[in-house]
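Contents: one structure, followed by commentary.
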Amino acid sequence: MPDLICYCLRVEKPPIVAAIEAGCASVEDLSACLRVCTGCGGCRPDLEDMLRFYRSESETSVTPLIRPKKAV
Ligand code: FES
């Protein structure tokens with residue numbers, strides 16, 4: 001099972017990614033939302049990595065690629 005992130009709560013990667021994209025910004029947010037990291041805590045480093053990766057990805061995806069021209 002390659003996508004299993006939280007072994008204690010049996011939570012896989014897709015719902016965690018969805019929760020991050022829906023606004024969860026910390027491990028505590030994910031714990032409140034999905035109960036991940038409420039057992040042994042061993043998944044915390046993976047969750048922190050996922051938060052860094054998916055939050056930075058969403059921040060860069062909203063950056064406009066072309067700046068609007070100034071009105072003359
Ligand atoms: S692996 Fe997530 S709480 Fe234990």
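Read the figures in this text as sums done on the coordinates, not as results from a lab. Note that the coordinates shown come from a computational prediction; the quantities given were computed from them, not determined experimentally. So basically every Cβ, Gly included, is an ideal-geometry build from the backbone, and we count neighbours across all protein chains shown.
Filtering region 28-57 to residues that are touching a residue at least 24 places away in the same chain (Cβ under 8 Å) and within 13 Å of the ligand (Cβ to nearest atom) leaves 34, 35, 36, 37, 38, 39, 40, 42, 43, 46, 47, 50.
The set of residues from region 33-57 being of a type in the set (A, V, I, L, M, F, W, C) and closer than 15 Å to residue 8 by Cα comprises 34, 36, 37, 40, 43, 47.
If you go through region 1-27 and keep only what is β-branched (Val, Ile, Thr) and either within 9 Å of the ligand (Cβ to nearest atom) or not in a helix (DSSP H, G or I) (or both), you end up with 5, 11.
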